[in-house]
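Bear in mind these aren't lab numbers, they're just calculated from the coordinates by the rules spelled out. Note that the structure is a prediction, hence the values are computed from the model and not measured. Glycine gets a Cβ as well: all are built from the backbone with ideal geometry, and neighbour counts include every protein chain shown.
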Amino acid sequence: MLALLQAAGLESAHVVGHDWGGIVGWALAAWHPWRVRTLTALSVPHPAAMAQALGHSDQALRSAYVGFFQLPAAPEAVLLAGGGTGLRRMLRRSGLPEALVDRYVERMREPGALTAALNWYRALPLAGRDPVGRVRVPTLHVWGAQDTFLGRAATEATRQFVAAPYALEVLEDVDHWLPELAAERVGELVTAHVRTSD
């Protein structure tokens with residue numbers, strides 16, 4: 001992200017990220033706050049809130065797939081077998097719109113694509129390494145109350161890790177895929193959030 005800002009000739013930017021992009025956004029805002037004008041994290045709570053929730057809520061069960069995704073080769077074999085049957089099933093269960101399931105599966109069937117995606121899980125830091133501290137930039141966290149992967153406990157705990165203006169927007173009838181399922185509402189929220197800092 002820092003290299004992208006530099007290449008674009010920007011000192012700072014409004015950062016919006018979903019899922020892994022949200023995790024990158026949290027880290028960027030914590031470690032380089034002068035480069036982030038505002039942060040909008042879609043679906044994903046602050047990493048420290050997530051760590052807390054893993055120990056005292058249903059989050060460990062919701063995140064059980066992560067350990068499997070970290071294994072070498074096995075996830076690719078299981079998810080891509082039968083033309084991507086396992087991946088297709090997982091995406092459907094997670095609430096991805098049917099119209100996008102085939103497109104996502106086809107993309108992940110391209111050589112190396114699924115491995116590249118899974119490598120984000122494989123690169124998760126060990127406990128205590130490079131912790132993401134408090135975020136000190138205006139932050140909007142948007143969460144779908146029907147999220148298959150990320151529960152309410154981590155979402156509600158996120159506030160304590162932001163030492164700046166913070167807002168939580170809960171989209172009651174939306175699952176994990178906020179950009180796909182609620183694009184217009186997400187766009188409105190991001191626009192309003194960005195305007196508050198200008």
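Remarks
- The Cβ shell under 15 Å around Val105 holds other residues with a net charge of +1, Lys and Arg each +1, Asp and Glu each -1.
- Distant alpha-carbon pairs in the chain (separation over 22 angstrom), percent: 51 percent
- Segment Glu172-Ala117, extension gain: residue separation times 0.36 nm, minus the distance between their alpha carbons: 17.0 nm
- Paired Rg and Dmax values of region 71-122, which use every Cα atom, in angstrom: 10.5, 30
- Approximate shape of region 1-103 as ellipsoid semi-axes (Cα gyration tensor, √5λ), whole Å, largest first: 30, 19, 13
- Helix 20-31 vs. the chain, principal-axis angle (Cα, 0 to 90°, nearest 10): 30 degrees
- Between region 69-93 and region 181-198, the alpha-carbon centres lie 33 Å apart.
- Taking Thr85, Thr148 and counting other C-beta atoms within 10 Å, the order from fewest to most: Thr85, Thr148
- Helix 113-122 and the long axis of the chain differ in direction by around 60°, with both axes built from C-alpha atoms.
- Cα-centre dipole for region 71-122 with unit charges at Cβ (Lys and Arg positive, Asp and Glu negative), debye to 20: 140 debye
- Helix-only mean residue ellipticity at 222 nm for the chain, each DSSP H run of n ≥ 4 adding -39500 (n - 2.57), per residue, nearest 500: -15000 deg cm²/dmol
- Computing FRET efficiency as 1/(1 + (r/R0)^6) for Ala8 and Arg195, where r is the C-beta to C-beta distance and R0 is 22 Å, gives about 0.60.
- Prolate/oblate/rounded label for region 95-186 (Cα gyration tensor, a/c 1.5): oblate
- Contact order normalised by residue count of the chain, Cα under 8 Å, 6+ apart, percent: 27 percent
- Helix 47-56 vs. the chain, principal-axis angle (Cα, 0 to 90°, nearest 10): 60 degrees
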